[in-house]
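Asker: What follows is a single structure, and I will ask about it in a moment.
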Amino acid sequence: MISKTTISVLMPFRGQAFSLHVIVLLSAMICSAASGATGPETLNMTANMIQTSCDITFVQGEQANGTVVNSIPLPDTDPSGLTSNGGSGGDCKGSECIDTTHSTAVTLKLSGCFIGKDDVKPTVTLTGFNALSADVPSTTDLGYLFRDAGDAGGTSREYAILVGKKKAMTWSAADLYNSSGGLPGGTAANSVIALTGGAGVNNGNSGNGASATVWLAVSCAFGCQSTSVRSGSLNASLTFNSTYK
């Protein structure tokens, strides 16, 4: 049995700041005691409104108004129910290598956002600590697999965390988010979390109040029946970055 899995979710960094340049014209009538009224004089003023990124809070479950958390304990996984030998050389067909029975929902919510800007939109991307080949040697698709490195990742072997777009996720780009770190098996576009609601998530919107639900699940990737697989604990850290782009 795998012991309880803790997902340590790191708070996001502030994104790049954008400046909106505003010119204010203030006209004043200047009177002269010697010559009487003169023509209007113009005082040019400038101000900058800084575009800052949003804060992200995490709630366990599918509702954005739940209890805020920074770590998620996943239910225990029974490895006997997972297989990954369905194809040539060992692979994962559908969800056979994923513990979707215990998929756990986490909802991200944006707050503290500033005003929008016409040519950018609020964006959240996933990074975090991807599994190393030394800990999950059965696959090179490490962009989808999250696990802290070495001893910090726990005592299990061949196991890691997947971040899914739905509870019944399969081993596919359509169902899984990957890290934006450029590791094999993923793309930059597939690291962008799908946001909805709030003040809007299109160009010009601030994104304030927008949210997204992701699903976390344990997977043994292509190594469920490999000679190197080992039960034990599993720890993974996920990072969600907020910015406008």
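Here, each number is a calculation from the coordinates, and none is a lab measurement. None of these values were measured; they are calculated from a predicted model.
Asker: In whole angstrom, note down how far apart the Cα centers of the range 201-245 and the range 100-154 are.
Answerer: Centre-to-centre distance over Cα atoms comes out at 4 Å.
Asker: In angstroms, what radius of gyration and Dmax does the range 95-245 have, counting Cα atoms only?
Answerer: Calculated on Cα positions, Rg and Dmax stand at 16.4, 55 Å.
Asker: Assuming 0.36 nm per residue, please report the length gained on full extension of the stretch Q225 to D119 beyond their Cα-Cα distance.
Answerer: Full-extension gain reported as 33.2 nm.
Asker: With no solvent and one point on each alpha carbon, what is the Debye value of log10 I(q)/I(0) for the range 63-120 at q = 0.13 Å⁻¹?
Answerer: -0.62
Asker: Express in nm, to one decimal, how much length is gained between S133 and K166 on full extension, taking 0.36 nm for each residue of separation and deducting their alpha carbon distance.
Answerer: Additional length available on full extension: 9.3 nm.
Asker: Could you tell me what fraction of 2.2 N^0.38 Å the Cα radius of gyration of the range 101-167 comes to, as a two-decimal ratio?
Answerer: Normalised Cα radius of gyration, the range 101-167: 1.50.
Asker: Quick one: which residues, 5+ away or cross-chain, put their amide H under 5 Å from the amide H of L176? H built at 1.01 Å from N.
Answerer: Here K165 satisfy the definition.
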